[in-house]
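J.: Got a structure here, written out as structure tokens. Questions coming.
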Amino acid sequence: CLFNHLTVEETEKLFEDITCSIKCYKKSEVIFSPLQPADRLGVILKGSIDVQKIFASGKVITVSRRLPYDLIADASMFASINCYPATVSARENSHVWLISKEQLLKIFAKDNRIMVKFLESVSNRTLALNNMVEILSLNSVPAKIAYFLTMEQRKANSNTITLKFPKKSLAEQLNVSRPSLSRELKKMQLSGIISYHKRTINIHSLEKLADLCPG
């Protein structure tokens, strides 16, 4: 969170002359779209949102799913683009804190620690997007799953991974069908590479998992 280093009193002082708002969005309601100017930042306070690319053919790819205290539109806010590059919509009833670019710059000027946290978020988002591009470029379902699990294992520094979302959402992110995802996960479990229960996946052999990854 951008402000978790501040006390309640410090936060109140920081926002004395700052204009911002909190808006409630119903499930599936669009928060930002490519038809809107990219001039606001969002912070999820409650609920969850999906960032999606919607193509002219009707195909939809979920680029990422974001949860409470994640930032929305942090990468596009200061980019040289006029509109948001993707559609951001509420996956469930959600509350989002919204602030304009002008007001956010005033906050940065008051506390550069907030600016550093913002830049860290943008950098991490860029790395995550690069990983997603790598996954989507892979042809086989096992390779996509193996690459995803390898990345998550490195992030968590643990062989036990807890998904933040159901397998249906994971299938959307990997751009594979849910039956294909379930089938390949079962094969990996039978091969002793992983075991899983609900949203928890345990990796038993990083070597075998690496064999499924390209390169």
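The values are calculated or read from the model by the stated rules, or taken from the named source; none is laboratory data. Note that this is a predicted model, so its numbers are computed, not measured. Ideal geometry is used to build each Cβ from the backbone, glycine not excepted, and the neighbour counts take in all protein chains shown. Heads up: the accessible areas ignore ligands, DNA and RNA and are worked out on the full protein's heavy atoms, side chains in. Shrake-Rupley method; radii C 1.70, N 1.55, O 1.52, S 1.80 Å.
J.: Determine which member of the set 133, 122 is within 22 Å of residue 68 (Cβ to Cβ) and either assigned to a helix (DSSP H, G or I) or open to solvent by less than 50 Å² (accessible area, probe 1.4 Å) (or both). Before the answer, list the steps.
T.: Numbers: 133 fails: within 22 Å of residue 68 (Cβ to Cβ).
After ruling out the rest, the residue left standing is 122.
J.: Look at segment 181-199 and say how many of its residues are open to solvent by less than 50 Å² (accessible area, probe 1.4 Å) and either among the charged types (D, E, K, R) or within 23 Å of the chain's Cα centre (by Cα) (or both).
T.: 4
J.: Considering (1) surrounded by 15 or more Cβ atoms within 10 Å (Cβ to Cβ); (2) closer than 21 Å to residue 49 by Cβ; (3) not hydrophobic (A, V, I, L, M, F, W, C), say which one residue 150 fails and leave the rest.
T.: (2)
J.: Next question. Looking for whichever is within 17 Å of the chain's Cα centre (by Cα), closer than 20 Å to residue 126 by Cα and at pLDDT 95 or above here; the options are 61, 44, 72. Which one fits?
T.: Values: 61 fails: at pLDDT 95 or above; 72 fails: at pLDDT 95 or above.
The conditions single out 44.
J.: Now, a different point. Exactly one of these conditions fails for residue 99: (1) surrounded by 18 or more Cβ atoms within 10 Å (Cβ to Cβ); (2) at pLDDT 95 or above; (3) closer than 30 Å to residue 154 by Cβ. Give me its number.
T.: So the condition that residue 99 fails would be (3).
J.: Follow-up question, since we're still on this one. Does segment 101-109 contain at least one residue that is touching a residue at least 12 places away in the same chain (Cβ under 8 Å), within 19 Å of the chain's Cα centre (by Cα) and not in a loop (DSSP other than H, G, I, E, B)?
T.: Pass one, segment 101-109, residues touching a residue at least 12 places away in the same chain (Cβ under 8 Å): 101, 103-104, 106-107.
Next, only the ones that are within 19 Å of the chain's Cα centre (by Cα) stay: none.
No, there is no match, as no residue in segment 101-109 is touching a residue at least 12 places away in the same chain (Cβ under 8 Å), within 19 Å of the chain's Cα centre (by Cα) and not in a loop (DSSP other than H, G, I, E, B).
J.: Could you identify the single residue in 62, 19 that is touching a helix residue (DSSP H, G or I) at 6+ places or on another chain (Cβ under 8 Å) and open to solvent by less than 10 Å² (accessible area, probe 1.4 Å)?
T.: Answer to the check: 62.
J.: So how many residues does segment 44-93 have that are without any contact (Cβ under 8 Å) to a residue 60 or more places away in the chain, more than 21 Å from residue 131 (Cα to Cα) and assigned to a strand (DSSP E or B)?
T.: Qualifying residue count for the region: 4.
J.: Return the only residue of 186, 155, 164, 198 being among the basic types (Lys, Arg) and touching a residue at least 60 places away in the same chain (Cβ under 8 Å). Quick ask: steps written out before the conclusion?
T.: Values: 186 fails: touching a residue at least 60 places away in the same chain (Cβ under 8 Å); 155 fails: touching a residue at least 60 places away in the same chain (Cβ under 8 Å); 198 fails: touching a residue at least 60 places away in the same chain (Cβ under 8 Å).
None of the others qualify; the one that does is 164.
J.: Which helices (runs of 4 or more DSSP H) sit wholly inside segment 152-215 and have at least 1 residues that are aliphatic (A, V, I, L, M) and closer than 23 Å to residue 70 by Cα?
T.: Where helices (runs of 4 or more DSSP H) fall fully within segment 152-215 and carry at least 1 residues being aliphatic (A, V, I, L, M) and closer than 23 Å to residue 70 by Cα, they are 167-174.
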